[in-house]
Amino acid sequence: MKIDSATIQHRYDRLAPYFDGLEAMMEGLFFRSWRKKLWEAVEGPHILEVGVGTGKNFDYYPTDARITAIDFSPKMLEQARNKKHRKQVDVDLELMDVQSLHYASNSFDTVVASFVFCSVPAPLKGLKELHRVCKPGGRVLLLEHVISSNTVMAGLMNLMNPLVVKAVGANINRNTVKNVQACGFRNIRVDERSGDIIKLIEAVK
C-alpha cells in the first residue's frame, strides 16, 4: 500500500499529542530496553538521529557527542522541543524528511533511527540518504520492526497492513534488513539478540 509523505505526515501530526500515551505499554514492556541497546552501540563525536518523533531516545543520548535530530512531522517535533526543554537535553532539532536530507555527504560518525522505516514512503531512498551522509567507516544503526519469518504470521501482517497504514501511517510488513542490503553498505550485521519481528541492525559504510 503506497501513501505519499504528506499523508503520513498528517497522520503523525494528528497523533503527536497522544503518541507517548498510545505506545506507553509497548514502550515499557519492549521498546525501552531495545532503545538502550541501540544507543549503547553509538560512537563518534557527531551523531544524527532521524525520526526523532517525540524524543523517546533523549534519555539514552551520549553526553560527549554533538547530536542532531530530525523529523518530518512539525507536531511531533513540537513535542520533542517541549521534552528537550523540560529534560534539558543538548540536541539540535530540525524539520526534515529522511528521504531528502539537507546535509553534506560524509557528515556524521553514526546515524541512528528507531522504528522509523516502517513509515517512510520510499524506504530505499531514505536508507540511501543515511548511507550518503554517514562518514566512510561510520555506522548506521537501525532498530526496526519487520515482517515475521513465520509464514502464517507474515500472512496475517500482510492482511492487516492496509488497516494499520490507514490508521497510523506505519507499515508492519517491511523487510528492512533486505532493504539495507540493497543500499551499498560494506558490512551489515543483525544483532544476535534480535527477535523475529524486532531487529537491531548495524550497517558499516
Unit charges on C-beta of K, R, D, E only; dipole of the chain, Debye: 280 debye
Sites excluded, GluC sites (Glu not before Pro) in DSSP loops with at most 14 other C-beta within 10 Å, longest stretch of the chain: 44-191
Lys, Arg +1 and Asp, Glu -1 on Cβ, resulting dipole of segment 124-201 about Cα centre, debye, nearest 20: 380 debye
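Calculate for the chain the 222 nm mean residue ellipticity that helices alone would give, adding -39,500 (n - 2.57) per DSSP H run of length 4 or more and normalising by residue count, nearest 500 deg cm²/dmol. Write out the running numbers ahead of the final one.
On the way: 7 runs with 73 residues, N = 205.
Calculated mean residue ellipticity at 222 nm is -10500 deg cm²/dmol.
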The chain: mean projected area of Cα convex hull, nm²: 10.6 nm²
Whole-Hz couplings from phi, Karplus 6.51/-1.76/1.60, listed for segment 50-64; x for Gly and Pro: 9, x, 5, x, 8, x, 5, 8, 3, 5, 10, 4, x, 8, 10
Signed unit charges on C-beta, dipole axis of segment 93-205, positive-most listed residue PHE108, MET157, GLY195: PHE108
Vicinal HN-Hα couplings computed from phi for segment 154-169 (Karplus, 6.51 cos²θ - 1.76 cosθ + 1.60; Hz; Gly/Pro x): 4, x, 5, 5, 5, 5, 7, 4, x, 5, 5, 4, 5, 7, 10, x
Carbon plus sulfur fraction of accessible area for the chain, probe 1.4 Å, in percent: 54 percent
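Rolling a 1.4 Å sphere over the protein heavy atoms, what is the accessible area per residue of segment 65-111, to the nearest Å²? Intermediate results must be reported in sequence, preceding the final value.
Working: 2340 Å² over 47 residues.
For segment 65-111, the per-residue accessible area is 50 Å².
Defining a contact as two alpha carbons under 8 Å apart and six or more residues distant in sequence, what relative contact order in percent does segment 1-134 show? Don't jump to the answer; show the numbers that get you there.
Values: 187 pairs, mean separation 36.7, N = 134.
Reported relative contact order: 27 percent.
Might you tell me the accessible area per residue for segment 126-205, computed with a 1.4 Å probe and given in Å²?
Working: 3850 Å² over 80 residues.
I get 48 Å² per residue for segment 126-205.
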Bridge type composition, the chain - antiparallel percent by DSSP, nearest 5: 35 percent
Theoretical gain in end-to-end length, GLN88 to ARG32 [0.36 nm per residue, Cα-Cα removed]: 18.2 nm
Projected label distance in nm at SER149 and ILE3, using a 7 Å step from Cα toward the beta-carbon: 3.0 nm
Cα gyration tensor of segment 125-205 - equivalent ellipsoid semi-axes, whole Å, descending: 26, 15, 9
Distant alpha-carbon pairs in segment 105-161 (separation over 19 angstrom), percent: 43 percent
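The values are calculated or read from the model by the stated rules, or taken from the named source; none is laboratory data. Note that the structure is predicted; figures quoted are calculated from it, not measured. Every residue, glycine among them, receives a Cβ derived from its backbone with ideal geometry; neighbour counts consider all protein chains shown. In case anyone asks, the SASA skips ligands and DNA or RNA and just uses the protein heavy atoms, side chains included. Shrake-Rupley method; radii C 1.70, N 1.55, O 1.52, S 1.80 Å.
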